[in-house]
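J.: Right, I'll just put the structure down here and ask away after.
The values are calculated or read from the model by the stated rules, or taken from the named source; none is laboratory data. Note that this is a predicted model, so its numbers are computed, not measured. Cβ: placed from backbone, ideal geometry, glycine included. Neighbour counts: every protein chain shown.
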């Protein structure tokens with residue numbers, strides 16, 4: 001099997017290479033659309049865009065990478081991942097020290113980038129901070145399309161309170177730690193779900209993760225239940 005050289009310079013969310021010019025020599029390109037490879041070509045990358053693909057490209061004052069005849073592909077996209085969910089969810093929400101999940105997520109983000117993933121759709125979790133650090137070039141990682149907090153009904157997929165018997169924050173007025181840490185928002189009824197959705201979007205979410213069914217990880221909801229009404 002031919003070795004694959006993954007192009008991680010093209011679709012990076014980080015600006016680390018924004019001012020660089022890179023010339024990748026002698027590669028066979030798979031563009032994700034055509035079955036036939038473009039063989040024996042060079043690729044000129046300026047900033048984070050491909051400027052030219054041709055044979056025998058010459059360019060002054062640039063970094064040159066010898067592709068050694070390997071296969072060059074576009075950056076990969078993981079369309080369903082939880083970059084912050086790197087341990088037992090109840091521990092992350094209620095037991096882990098502050099910053100624990102974020103540090104692990106930064107390590108995982110770098111590893112994902114090195115595996116060729118240049119974009120991830122994070123479908124739930126407090127990943128806004130990591131996204132900003134990657135965008136600013138502070139730490140390496142793929143472009144993150146964040147969802148922010150999970151949207152869940154009381155006793156739903158995102159209700160992680162481990163206690164079997166408790167009074168809902170609706171009655172006690174207490175703010176759940178899962179909300180404070182950005183993991184989940186419990187919302188019931190049309191008005192609450194609408195406001196929660198707007199709050200999540202205000203925080204910078206690219207999409208909304210709403211739980212509409214039961215789970216295998218939830219503390220209170222069997223997998224075969226239907227959650228939220230059509231109106232909600």
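J.: Does the stretch 83-100 hold any residues that are out of contact with any helix residue (DSSP H, G or I) (no Cβ under 6 Å at 6 or more places or on another chain) and either at pLDDT 95 or above or not in a loop (DSSP other than H, G, I, E, B) (or both), and which are they?
T.: Residues satisfying the conditions are 89, 90, 91, 95, 100.
J.: Assigned by TED's automatic domain parsing to the domain that holds residue 116 and surrounded by fewer than 16 Cβ atoms within 10 Å (Cβ to Cβ): is that true of residue 99 in this structure?
T.: Here the answer is yes, as residue 99 does meet what is asked.
J.: Also: Report the residue count in the stretch 194-224 for those that are under 14 Å from residue 159 (Cβ atoms) and not in a loop (DSSP other than H, G, I, E, B).
T.: Final tally of qualifying residues: 3.
J.: Only residues that are at positive phi and modelled with pLDDT under 85: list them for the stretch 131-162, please.
T.: Correct list: 155 only.
J.: Go over the candidates 72, 23, 44, 104 one by one and state the one that is in contact (Cβ under 8 Å) with a residue 60 or more places away in the chain, surrounded by 16 or more Cβ atoms within 10 Å (Cβ to Cβ) and not in a loop (DSSP other than H, G, I, E, B).
T.: 72
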